[in-house]
Structure formats: structure tokens, C-alpha cells
1. In the stretch 112-134, is there at least one residue being modelled with pLDDT of 90 or more, closer than 27 Å to T37 by Cα and hydrophobic (A, V, I, L, M, F, W, C)?
2. Among the residues in the stretch 97-114, are any more than 23 Å from E233 (Cα to Cα) and crowded, with 16+ Cβ neighbours inside 10 Å?
3. Given the residues I144, I128, I133, which is the only one that is surrounded by fewer than 13 Cβ atoms within 10 Å (Cβ to Cβ), of a type in the set (V, I, T) and farther than 25 Å from E265 by Cβ?
4. Could you tell me which of the residues P120, P85, P77 is assigned to a loop (DSSP other than H, G, I, E, B) and surrounded by 20 or more Cβ atoms within 10 Å (Cβ to Cβ)?
5. Can you name the strands (runs of 3 or more DSSP E) wholly within the stretch 1-57 that have at least 3 residues being over 14 Å from the mean Cα position of the chain (by Cα)?
6. Could you please tell me which pairs satisfy a Cβ distance under 9 Å, a separation of 6+ or placement on different chains, a first residue in the stretch 242-271 that is at negative phi, and a second residue that is hydroxyl-bearing (S, T, Y) and part of a helix (DSSP H, G or I)?
7. For residues that are without any contact (Cβ under 8 Å) to a residue 24 or more places away in the chain and either closer than 24 Å to T40 by Cβ or buried (at least 19 other Cβ atoms within 10 Å of the Cβ) (or both), tally how many sit in the stretch 179-194.
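The values are calculated or read from the model by the stated rules, or taken from the named source; none is laboratory data. From a predicted model like this one, the values you see are computed outputs, not experimental measurements. FYI the Cβ positions are ideal-geometry reconstructions off the backbone, even for glycines, and counts take in every protein chain you see.
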Amino acid sequence: MVLSRRLLFRSGIWEIARPRHPLTAGHVLIRLSDPSTEFTEASAADWLFCHNLARAALDDVLGAKRFAVMFAHRWHPLGSAIGEPVAESSTPTFHLFARWEAESTTPGRQLALPAHHRVPEPEDSLDIVDARIRDSLGLGAASIAKEAPAQVGSAQLGSAPAATSGVVPVQVPMPTPLVATVDAARHHSVIEPASGAAAISSLLPGELVAMGSALGALPLSSGLTGFSCVAVEGGNPASALRIHTVGRSAAEESNPMVDLFNLPEVSFALL
């Protein structure tokens, strides 16, 4: 099944949508409404608002408690796209995967298959789920907008008021994120927030922008053209959020996503 992309919610800069190739009932997109928009503190604040809003809705409708984010940077999945969602478009897009107890399959099981062998969710059941998610998103956004004056600067909301009330985020210099090489041969690195935040919802917009800059500064050597990325949250407050990045090239001899999925923290998030 290939759906037309379903808009579930539109914010000031980003939108939440059901992908054309939904791998599970908990698979939604956060994508730019205008592809030319730069990633600044304002757009980062709106991204965090949409991310947190989508997670709350998926929890409300599906009972989802665990989440992972996948995205590509300067890279479009090719061929069978093992280990990653197929490209929706050239518009910057983040795939949010929810996990819950009653799920009939997992993102990892689907992504381990070639794209043309993945079994999508039945469209009739998605119609019902999407209607509920859309309602929950609307109610959640209205509730946040109502509370926005009392929540300006709240890290818990990811500075959501900037997306709902016109408040401009205060630009505060952010410490440089931590970047570590895991496997140089496979161009595998991890990026962690300097604050050690364990959850995406704990990030400040400026911190998210700094992590994006660190990703953009990773070297494109040995014929690399871009990166496939998986954001995995820490399992406890002492474990930092980690963005795993692996270098990609159309001429690569093997798919690095296969090895990435074997890492315990990645497999726990997606499998």
C-alpha cells in the first residue's frame, strides 16, 4: 500500500504527517512545510514543539512509551533501502517511530526487509488511528497555546510557545556537543548534547541547532555523500541522548545500517 501523505497537524514551520509508506501505526513524519527554511533557533523550537506534541498524541492513542527518530542528512536511501525508511521527498524529513506493548510488528523488523517486501499497516485501521491522532494533536496544541504565557522558556515543552504564541526564543550560546568516533572504518560517530540531556524533550532549541551544526561538520571523506542517522534516548537520566551517524555512499561495498542495528541501544529502540 502507498498512501498519499496525510497531513495530521501543521505548525508554524513544521508539519506532522503520516508517510506514504507507513511501516507501523506508530510511524509518523515531522517535515518542513517550506523546504527552503533554515534550521535556526526558531525552527528548532517549532520542531521540538511538533516532536513533543506528536509523542503525546501517540501515547494518548496507542499507549506508546518508547520512541526513536530516524533521518537522512545529504543522503537519499537507494534500492532496497535496508535499515532505513524510503525517501519521501527531498524536503527535510524526520521519521518518528513509536513503540508500545500491543504493536503487531516493530520498525526494526520492517526496516530489515527490502522496501518492496515491507508489509504496511491496513489502510482501514490507519483511517481510524489517524482520525484519533489528529484529534489528539489538535487538543494538545490548543492546550499548550492556552498555557503558553506561563510556560515561556520551559525546557519540558521544548520552547513550544515560540511555535504557538509568536514568542521569539532567547538566543543563548550553547556549549559544543560531544562528538565521538565509534568505528572510523565505517564512518560511525555519535553526537551527544553537551548538557547530557537524556531525552529530546529536555533539549533547548539552541542545543538542537548546535547538534545539527556538529552533524553538518562531520567530514565527507572516502567518497561519502551523506549520513544516515538514528536518535536514541537514554534509558535513564544518567544516559545521554545519542545521535548515531553512519557515512553513506552510492558506491558503498556494504550497508552500514546492518551493523548499526546490531548495537544493543539501537536494536532496543527499533527492534
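1. Checking the stretch 112-134: at least one residue is modelled with pLDDT of 90 or more, closer than 27 Å to T37 by Cα and hydrophobic (A, V, I, L, M, F, W, C).
2. Among the residues of the stretch 97-114, not one is more than 23 Å from E233 (Cα to Cα) and crowded, with 16+ Cβ neighbours inside 10 Å, which makes the answer no.
3. Details: I144 fails: surrounded by fewer than 13 Cβ atoms within 10 Å (Cβ to Cβ); I133 fails: surrounded by fewer than 13 Cβ atoms within 10 Å (Cβ to Cβ).
Exactly one of I144, I128, I133 is surrounded by fewer than 13 Cβ atoms within 10 Å (Cβ to Cβ), of a type in the set (V, I, T) and farther than 25 Å from E265 by Cβ, namely I128.
4. Details: P120 fails: surrounded by 20 or more Cβ atoms within 10 Å (Cβ to Cβ); P77 fails: surrounded by 20 or more Cβ atoms within 10 Å (Cβ to Cβ).
Residue meeting the stated conditions: P85.
5. Working: elements: 6-10, 14-18, 27-32.
Output list reads 6-10.
6. F261/S267
7. 1
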